[in-house]
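Contents: one structure, followed by commentary.
The values are calculated or read from the model by the stated rules, or taken from the named source; none is laboratory data. Here the structure is a predicted model, which means the values were calculated and not measured. Every residue, glycine as well, gets a Cβ built from its backbone with ideal geometry; the counts of neighbours run over all protein chains shown.
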Amino acid sequence: MTECRYFMPPEWALHKATWLSWPHRLATWPGKFEPIPEVFVEIISWLSSSEEVHINVLDEVMEREVFALLRNSRHQQIQMERIFLHRIPTNDAWCRDHGPNFVFRRTECCTEKIILNWEYNAWGEKYSSYADDNAVPERIASLQQLPLVSPAMVLEGGSIDVNGKGLLLTSEACLLNPNRNPSMNREEIERELGRYLGIEKVLWLGDGIVGDDTDGHVDDMARFVNETTIVIAVEENPSDENYDALQENYTRLQRYTDLSGNPLHVLKLPMPSPVYFDGERLPASYANFYIANTVVLVPTYRCSQDLTAMEILQACFPERKVVGIDCYDLVWGLGAIHCITHEEPELEHC
């Protein structure tokens, strides 16, 4: 039998498309759903200026409604010919976690794009309805006629980040939580990440940010911006409830090295001013940005740190346009831009 190897490209690698799931669950943004579709329209308009955009919708009625919203968008950069709607039902809008994890499978003779069908259980069964979300990768694989590989492990896309050179960022609070894979220990989880994503070394962070109901997704804390550089959200105010966890994670990252033993370059991102709704602290973070082919979409939160965060990220991506997207309303659903997007890499040819 020919040996095959799997490889997950980093987010900055060339995309064929970005995938999203259209928002429809009112309870995700209780009392604040009305502005959410327009936030999606703005995000989609910028993405369409960069690459194809594929959107999961519930049915024909929603398909017509979404198409009309996009067609009548006030955003001049929108390119409708790059936008495709698919009748793939979902329970919620967090495509980063339930969407298709595209990777490359390499053999001696060729490279093919496949979809990894990780199990999804709504962040440790925090929500009772997730069957449609869990079926999304299988349905997209059928739609695109791509091979589907199903690891026997729960894994959400927001819980990992890769550099394309054997390193993966994640958190102990999430991946080692017994509500995900209670029968697997750290070594077994690392082995599965290595097998299916081409990972040789896992960089473990600790706890996540306050208000994050995913048990500490890394895309709210730290992200690779190139093969050797990580940006990490750091709270500098000792009285803030995020201070201890984020400072400890920053200290950990400073000790980590690449596969050759070289220290990684670690850049601080500020944290925004706390965002509350109905007295609840929300998981607002600039680390929840999304890297597309020509743009980097950065969540902003109507505070003075917005500009600083965008300037830091613009310096990290000099060949892409950094665009701020007001996510003050979106984050009431407990996620931002990275949480609703999932990249599809362009196929490497043999």
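Structure data summary
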item: Cross-chain or 6+ apart pairs with Cβ under 6 Å, segment 181-195 first and closer than 15 Å to Asn121 by Cβ and modelled with pLDDT of 95 or more, then of a type outside the set (S, T, N, Q) and not in a helix (DSSP H, G or I); result: Asn181/Met153; Asn181/Val154
item: Selected residue (criterion: nearest to Glu343 (Cα to Cα)) from residues of segment 289-308 that are outside any loop (DSSP other than H, G, I, E, B) and either over 18 Å from the mean Cα position of the chain (by Cα) or not hydrophobic (A, V, I, L, M, F, W, C) (or both); result: Tyr290
item: Flag if Asn72 is among the polar types (S, T, N, Q) and in contact (Cβ under 8 Å) with a residue 24 or more places away in the chain; result: no
item: So Ala292, is it touching a Pro at 6+ places or on another chain (Cβ under 6 Å) and small (Gly, Ala, Ser); result: no
item: Residue tally, condition part of a helix (DSSP H, G or I) and within 12 Å of Val298 (Cα to Cα), over segment 314-338; result: 3
item: Residue in segment 184-199 that is touching a Gly at 6+ places or on another chain (Cβ under 7 Å) and closer than 25 Å to Glu280 by Cβ present; result: no
item: Qualifying residue in segment 322-336 (condition: surrounded by fewer than 17 Cβ atoms within 10 Å (Cβ to Cβ) and either under 26 Å from Lys201 (Cβ atoms) or among the basic types (Lys, Arg) (or both)); result: no
item: Residue within segment 119-138 that is touching a Lys or Arg at 6+ places or on another chain (Cβ under 6 Å) and in a strand (DSSP E or B) present; result: no
item: Residue within segment 238-256 that is under 24 Å from Phe317 (Cβ atoms), assigned to a loop (DSSP other than H, G, I, E, B) and either in contact with a strand residue (DSSP E or B) (Cβ under 8 Å, 6 or more places away or on another chain) or modelled with pLDDT under 95 (or both) present; result: yes
item: Conditions (1) farther than 30 Å from Gly198 by Cβ; (2) touching a His at 6+ places or on another chain (Cβ under 9 Å); (3) surrounded by 18 or more Cβ atoms within 10 Å (Cβ to Cβ): number failed by Ser21; result: (1)
item: Subset tally (residues that are within 25 Å of Leu85 (Cα to Cα) and not in a helix (DSSP H, G or I)) for segment 151-169; result: 1
item: Any hit, segment 27-38, residues being touching a strand residue (DSSP E or B) at 6+ places or on another chain (Cβ under 8 Å), of a type outside the set (Asp, Glu) and farther than 19 Å from Asp97 by Cα; result: yes
item: Residue count for segment 257-279, restricted to those that are touching a Leu at 6+ places or on another chain (Cβ under 9 Å) and either part of a strand (DSSP E or B) or surrounded by 13 or more Cβ atoms within 10 Å (Cβ to Cβ) (or both); result: 9
item: Enumeration of residues in segment 58-102 that are more than 30 Å from Ser150 (Cα to Cα), touching a Phe, Trp or Tyr at 6+ places or on another chain (Cβ under 8 Å) and either of a type in the set (Ser, Thr, Tyr) or part of a loop (DSSP other than H, G, I, E, B) (or both); result: His75, Gln77
item: Unique match (being touching a Pro at 6+ places or on another chain (Cβ under 9 Å) and either of a type outside the set (Lys, Arg) or farther than 24 Å from Trp46 by Cα (or both)) among Tyr276, Tyr256; result: Tyr256
item: Only listed residue being among the small types (Gly, Ala, Ser) and more than 30 Å from Lys126 (Cα to Cα), chosen from Gly324, Gly335; result: Gly324
item: Pairs where the first residue, in segment 304-326, is under 16 Å from Val225 (Cα atoms) and polar (S, T, N, Q) and the second is modelled with pLDDT of 95 or more and crowded, with 17+ Cβ neighbours inside 10 Å, C-beta under 8 Å, 6+ apart; result: Gln314/Val296; Gln314/Val322
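Quick grid of which residues meet (1) hydrophobic (A, V, I, L, M, F, W, C); (2) on the phi < 0 side of the Ramachandran plot; (3) in contact (Cβ under 8 Å) with a residue 60 or more places away in the chain:
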{"position": "Trp204", "(1), (2), (3)": "yes, yes, no"}
{"position": "Asn226", "(1), (2), (3)": "no, yes, yes"}
{"position": "Glu235", "(1), (2), (3)": "no, yes, no"}
{"position": "Gln247", "(1), (2), (3)": "no, yes, no"}
{"position": "Gly261", "(1), (2), (3)": "no, no, no"}
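For (1) small (Gly, Ala, Ser); (2) more than 22 Å from Ala17 (Cα to Cα), each residue gets a yes or a no:
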position	(1), (2)
Ala287	yes, no
Thr308	no, yes
Glu319	no, no
Gly324	yes, no
His342	no, no
